[in-house]
Amino acid sequence: MLSPNWTMLKELAAHRLGQIGLAIVAIYGILAVLGPVVFTVDPSAVAGGERYLGPSLQYPFGTDGYGRDIFALTILGARVSLYVAVVVVGISTTLGIIFGLISAYFSDLVDEAIMRAVDVLLAFPGILLALVIIAILGPGLNRAVLALAIAYTPIMTRIVRGNALAIREEEYVLAAKSYGESHWRILFREMLPNLTSVVIVQMTITFAFSILSEASLSYLGLSAQPPQVTWGVLISEGQSVIGIAPWVSVFPGLTIMFTVLGLTLLGVALRDVLDPQGEVNMTQDI
Amino acid sequence: MGWITYSVRRLLISVFVLFVASILIFSIVRLIPGDPARVFLGPTADQEAVDTLRVQLDLHLPIYEQYLNWIAGVLTGNWGNSLINDIPVFDLVLIRFPRSIQLAIFSLIIGVIISLPLGLLAALQPNSGRDYAALFFSQFGMSVPSFWLGIILMLVFGRYLGVLPASGYVSPMEDPVAAVSHMIMPAFALGTINAAVLTRFLRSEILEQRGKEYVLTARAFGHYKGTILRKYVLKNALIPYMTNLGIQFGWVLGGVVIIEVVFSYPGLGRLVLDGLLNRDYPVIQMGLLVLISTYVLVNLVVDLTYSVLNPKIRY
């Protein structure tokens, strides 16, 4: 395990899959951040007379039943997905690092308690844990985000703990202990920096799959509600008119696929560069 | 740790996990902000109806008694009635659960049919064109939203080509051919991600086995490459593959909720989702509990089987 440095950044730039991944993620990032400023669309506005137009130069993704530009809506959805992913990754990574480090460092009772809690949470396959939480909170974008953040926390916890266990007995940690450094300093100043690589790789994967999961939840009507626009909502609306206007569903779906593809490719490349012995766990589509 | 100690410990963990999961699921109704009976009936309902529902849901009892009553009901098949149509939840689940299992198994079969040859082809010639093609498929398969893939399949094979029924369910008892044709698309949409994960997994397992020393030794003894591959490498790679298949089964159980909605497939997943949208708490609770219990049980069986097949593994 190594900490990221400049050499690795150069290696990443030279990594073929990394290049594709970076390019897709860069386009996604720019469109999500700047797109809604350039391609303005009011999702609640109804433009009469231009309903269900097929893809054209003016409307690259066509228009929907309200005459709205699907391309502009997709970009609006990109911003929502960015928000979802950043919050889910932020919360699950922070909690996962705290629980994982504490679990590995203090072992015995604390470890047992945290790991059994992780077992229970991971006993809910796929999206079901998020469904339990939404059953309590009710549907809504922020509630779905919270549900996903909770659902991804045990995965990060387990990964951090596993890797922290391996470095717990390293000499620099033992040395820090013999100096009498505080637990807090040992955990976050000595151990955490050496876990950066695995955490970054896992963050990338969580980023990708939280986008996929939120899309599923909003397709099911459990996340954002119309007129708020998300990729899942767009696909769901498009399904009812799939026979006359397939583009309403097709393009937002392709956008999800390429975004997730870019992120997972980036994850694979990051793993190659940062943590050559590691395996990327790809079964986290929850 | 001996096999029996390991098995007992593993079994106890499963029981513990199910116990805590049942508390969590029981709590769904109790954690809802405000009075669940009022939330369900709406602000305009009269107090009498709310009170009746409170009694029906045991909400007037102390919390531990509520749980004991509830878990006793769960274990004896007394699962309460749907708040929407008053049908016993047990009956609803009994009809729909086998349909979801059927779909889940079918999805896994599709996952195996795709991943077995693809993973094998990729691993036989690593870094070749077909290896990249397999990895390319695998990466796409993991990135495509299953519900969207389902819609696209429906559009192409149901509407444009008209070769498969777009949605619905037919019992295999009534008409086996129609039953299978109704299941192909949902199972494919659900199984693609499994195929993708399993392809990658099988490839890396075979590659790992091929690098082991026993392969070199067998070669030194003059065995043919093909024989070594068939007799040793594949055998050793297929054990973890089967284990992973068990894990995939769990993920499929989570995925049925979404796919059943896409294809209007009347299984347990759709029952849970309709429950969620209608605040039909007894249905939500038992639906989730049945899905999770199945997952825990499958995982238990997989782990125990694996520990028999691979005596080196002891946790």
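Bear in mind that the values in this text are calculations on the coordinates, not laboratory data. Given the structure is predicted, the values throughout are model-derived calculations rather than measurements. All Cβ positions, glycine included, derive from the backbone under ideal geometry; neighbour counts span all protein chains shown.
Restricting to lysines 8 or more places apart or on different chains, can you count the pairs in the protein assembly as shown with Cα atoms under 28 Å from each other?
Values: B:212/B:225; B:212/B:231; B:212/B:235; B:212/B:312; B:225/B:235; B:225/B:312; B:231/B:312; B:235/B:312.
Lysine pairs meeting the criterion: 8.
Each of A:196, B:217 was scored by other Cβ atoms within 10 Å of its Cβ. Arranged with the fewest first, they read B:217, A:196. At q = 0.16 Å⁻¹, what is the base-10 log of I(q)/I(0) for the range A:75-190 according to the Debye formula with one equal point scatterer per Cα and no solvent? Please give it to two decimals. So the normalised log intensities are -0.79.
Ordered by the count of other Cβ atoms within 10 Å of each Cβ, fewest first, B:91, B:274, B:303 give B:91, B:274, B:303. Taking amide H as placed 1.01 Å from N in the peptide plane, residue B:81 has its amide H under 5 Å from the amide H of B:89, each at least 5 places away in sequence or on another chain. Consider all pairwise Cα distances in the protein assembly as shown and report the whole-number % of them above 38 Å. Taking all Cα-Cα pairs of the protein assembly as shown, the fraction more than 38 Å apart is 35 percent. Rounded to whole numbers, the Karplus 3J(HN,Hα) couplings from phi for the range A:191-201 are 7, 3, x, 7, 9, 3, 4, 4, 5, 4, 4 Hz, using 6.51 cos²θ - 1.76 cosθ + 1.60 with θ = phi - 60°, and x at Gly and Pro. Computed over all pairs of different Cα atoms, the Kirkwood value for the hydrodynamic radius of chain A is 20.4 Å. Three semi-axes describe the equivalent ellipsoid of the range B:190-235; taken as square roots of 5 times the Cα gyration tensor eigenvalues and ordered largest first, they are 28, 10, 5 Å.
The chymotrypsin sites (Phe, Trp or Tyr not before Pro) found in the range B:134-218 include none that occupy coil by DSSP while having at most 12 further C-beta atoms within 10 Å. Across every direction, the projection of the convex hull enclosing the Cα atoms of the range B:237-302 has a mean area of 4.8 nm².
What does the structure give for B:25-38 when I average, per residue, the other chain Cβ atoms found within 10 Å of the residue Cβ?
Mean inter-chain Cβ contacts per residue within 10 Å come to 2.
Taken residue by residue and averaged, Cβ atoms of other chains lying within 10 Å of the Cβ of B:250-256 number 6. Shown here are the Rg and Dmax of the Cα trace of chain B, at 23.9, 86 Å. For the segment A:130-142, counting C-beta atoms of other chains within 10 Å of every residue's C-beta and taking the mean gives 5. The range B:231-246 and the range B:144-181 have Cα centres separated by 31 Å.
Each of A:115, A:8, B:183 has some number of other Cβ atoms within 10 Å of its Cβ, and from fewest to most they run A:8, A:115, B:183. Take every Cα pair under 8 Å whose residues are at least 6 apart in sequence, average their separation, divide by the length of the range B:96-303, and the relative contact order is 29 percent.
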